[in-house]
Amino acid sequence: MKTESIEDLQLETAYKAVSDTYRGTGIDIQKACKKQREEGGPVYKGDFVAQFGVPTNAGLQQGTRPTFTIFDYKDVMAVMRDSKTYTSGFIAEGLGAFFDGLIILAMDGDQHRQVRSLLQPAFMPEAVNKWRPEIEAVMRRDFLEPLAPKKKADIMEFGLFFPIRVMYALMGFPTDDPEKYKKYAAWALAMVGGNQIDPTKIEEARRQAGIAVKSLYDSILEVVQERRASNEYKDDLIGRLIVAEFEGRTLDDHEIVTFVRSLLPAAGETTTRTLSCVLTMLFNTPGLLDRVRDDRTLIPKLIDETVRYEPMGTFRTREAASDTEIQGVKIPKGSFVQSMIVSANRDDTVFENGHEFDIDRKMKPSFGFGFGPHMCIGQFVAKLEMNCALNAMFDLLPNLRLDPDYPAPAIEGAQLRGCSSIHLMWD
């Protein structure tokens, strides 16, 4: 990320910087995993992810300890389900270093269960579905209706901005100044960009991340203090945290701010990337566009199958809390275990013809939104947003189709996969 004032950092610039960081070496991660599973066995003794040149949640610890990589569905499920044997606390020293260690991804055991119980209710279907009319209104009124007369666009401009509007409102930020959302989201992405492994970029990326951490903290603190002073309860994340109890006491402003800040890097951009994958599969799969446009009940199947077939997050890293064993391979305590989501999600022993995209398949649990105790806290919001977006696009952009003046969309990246541009036209 180039040197510039954090105040001037644009969301588009921050998003592109993160995409570039996680794009990797260009090695096809899907093909590499398939080859390993077919020829190398279920456990790779070493840092399989290193070949792709992308950061992991281990930060600068990556490559400093014994590392093992797993590929089969049943092994990935076992590791992600067993948070006692395979822990996440090491993340506090990697990505979590930018969050004062108070990041839910880096929590284990009772602490994780307690914090998750505080945060989760605001993101459950019964809470999220109340927002559906407002989500739909914002998408249509503020984004797609002004876009419709143009008859063509890179639809990922819409895909980048609307999830931020939705998620930040759900969290409890004021809705009268949407431009602030873009600034906050850019800062949140700058924090993610701090998890840099390129020696030529580490210093600047971490400098930017440090400034972003402070700027975001101060901005959220202002919102929390205003909300607390108003004594007006609202059923959003900040409102719930103000009245919640944690370990037998209420939360102070610092704890609320830090918990909210730790969720912001995923509050929008992950939905953007997943939507780009959904749209890429929709427009590149022959006959699928007409089917889904004519039968909107297929939209959830389209989303679920895309998350299986092309997960935005391609792997998860855990630390072995004790000596253990996977498929007869001994895993010493303190080792990193990399679970290759992209491989497990296409395991032919679980998903028939797993390397084929098929929205008609009988769905089984996959790992695109995680699994076990650390399953994505915002998955229901993301699915609702994407469902609303697709319905709105079909309603307001008639005869929607790919613009032949541009290349067909393609999903790329070794981690945080997605498609940066999807050029569409309509009547």
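The table that follows gives values for the structure above.
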quantity	calculated
Residue match in region 125-136 (condition: farther than 30 Å from residue 405 by Cβ, of a type in the set (A, V, I, L, M) and without any contact (Cβ under 8 Å) to a residue 24 or more places away in the chain)	no
All positions within region 67-99 that are acidic (Asp, Glu) and either assigned to a loop (DSSP other than H, G, I, E, B) or at pLDDT 80 or above (or both)	72, 75, 82
Index of the failed condition, residue 317 passing every other in (1) within 30 Å of residue 93 (Cα to Cα); (2) assigned to a helix (DSSP H, G or I); (3) modelled with pLDDT of 90 or more; (4) polar (S, T, N, Q)	(2)
Some residue of region 184-199 being modelled with pLDDT of 85 or more, of a type outside the set (Ser, Thr, Tyr) and surrounded by fewer than 22 Cβ atoms within 10 Å (Cβ to Cβ)	no
Near pairs, Cβ below 8 angstrom, 6+ apart or cross-chain, from region 226-255 (among the hydroxyl-bearing types (Ser, Thr, Tyr)) to any residue that is open to solvent by less than 30 Å² (accessible area, probe 1.4 Å) and part of a helix (DSSP H, G or I)	233/239
Unmet requirement for residue 71, which otherwise passes all of (1) in contact (Cβ under 8 Å) with a residue 60 or more places away in the chain; (2) surrounded by fewer than 15 Cβ atoms within 10 Å (Cβ to Cβ)	(2)
Selection status of residue 162, of a type outside the set (Gly, Ala, Ser), within 15 Å of residue 388 (Cβ to Cβ) and under 19 Å from the mean Cα position of the chain (by Cα)	yes
Residue, least open to solvent (accessible area, probe 1.4 Å), within region 392-415, restricted to residues that are part of a helix (DSSP H, G or I) and in contact with an Asp or Glu (Cβ under 8 Å, 6 or more places away or on another chain)	392
Of all residues in region 14-61 being open to solvent by 40 Å² or more (accessible area, probe 1.4 Å) and of a type in the set (Ser, Thr, Tyr), the one that is farthest from the chain's Cα centre (by Cα)	44
Exclusive hit being more than 28 Å from residue 338 (Cα to Cα) and either of a type in the set (Gly, Ala, Ser) or out of contact with any strand residue (DSSP E or B) (no Cβ under 9 Å at 6 or more places or on another chain) (or both), set 257, 243, 307	257
Residues of region 112-168 classified as in a loop (DSSP other than H, G, I, E, B) and exposed (fewer than 15 other Cβ atoms within 10 Å of the Cβ), total	2
Residue 64 being in contact with a helix residue (DSSP H, G or I) (Cβ under 6 Å, 6 or more places away or on another chain), among the hydroxyl-bearing types (Ser, Thr, Tyr), outside any helix (DSSP H, G or I) and open to solvent by 30 Å² or more (accessible area, probe 1.4 Å)	no
Extreme residue, modelled with the highest pLDDT, among residues of region 230-258 that are assigned to a loop (DSSP other than H, G, I, E, B) and open to solvent by 30 Å² or more (accessible area, probe 1.4 Å)	252
Number of positions in region 416-427 that are in contact with a helix residue (DSSP H, G or I) (Cβ under 8 Å, 6 or more places away or on another chain) and either in a loop (DSSP other than H, G, I, E, B) or open to solvent by 50 Å² or more (accessible area, probe 1.4 Å) (or both)	7
Residue 102 at pLDDT below 80, open to solvent by 20 Å² or more (accessible area, probe 1.4 Å) and either among the β-branched types (Val, Ile, Thr) or within 20 Å of residue 377 (Cα to Cα) (or both)	yes
Pairs, first part of a loop (DSSP other than H, G, I, E, B) in region 18-39, second open to solvent by less than 70 Å² (accessible area, probe 1.4 Å), C-beta under 6 Å, six or more apart	24/52; 24/53; 24/54; 24/414; 25/52; 25/53; 27/52
Some residue of region 312-329 being surrounded by 23 or more Cβ atoms within 10 Å (Cβ to Cβ), out of contact with any Leu (no Cβ under 9 Å at 6 or more places or on another chain), more than 19 Å from residue 82 (Cα to Cα) and among the aliphatic types (A, V, I, L, M)	no
Odd one out for residue 308 among (1) modelled with pLDDT of 95 or more; (2) of a type outside the set (Phe, Trp, Tyr); (3) open to solvent by 10 Å² or more (accessible area, probe 1.4 Å); (4) not in a loop (DSSP other than H, G, I, E, B)	(3)
Pair list, Cβ < 9 Å and 6+ apart or interchain, from region 324-342 residues that are touching a residue at least 60 places away in the same chain (Cβ under 8 Å) to residues that are of a type in the set (Phe, Trp, Tyr) and assigned to a helix (DSSP H, G or I)	336/90; 338/48; 340/48
Single residue of region 259-278 satisfying the filter (closer than 16 Å to residue 18 by Cα and at pLDDT below 90) that is surrounded by the most Cβ atoms within 10 Å (Cβ to Cβ)	268
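The values are calculated or read from the model by the stated rules, or taken from the named source; none is laboratory data. Values in this document were obtained by computation on a predicted structure and should not be read as measured data. Note: ideal-geometry Cβ built from the backbone for every residue, glycine included; neighbour counts use all protein chains shown. Just the protein is used for accessible areas: all its heavy atoms, side chains included, with ligands, DNA and RNA removed. Shrake-Rupley method; radii C 1.70, N 1.55, O 1.52, S 1.80 Å.
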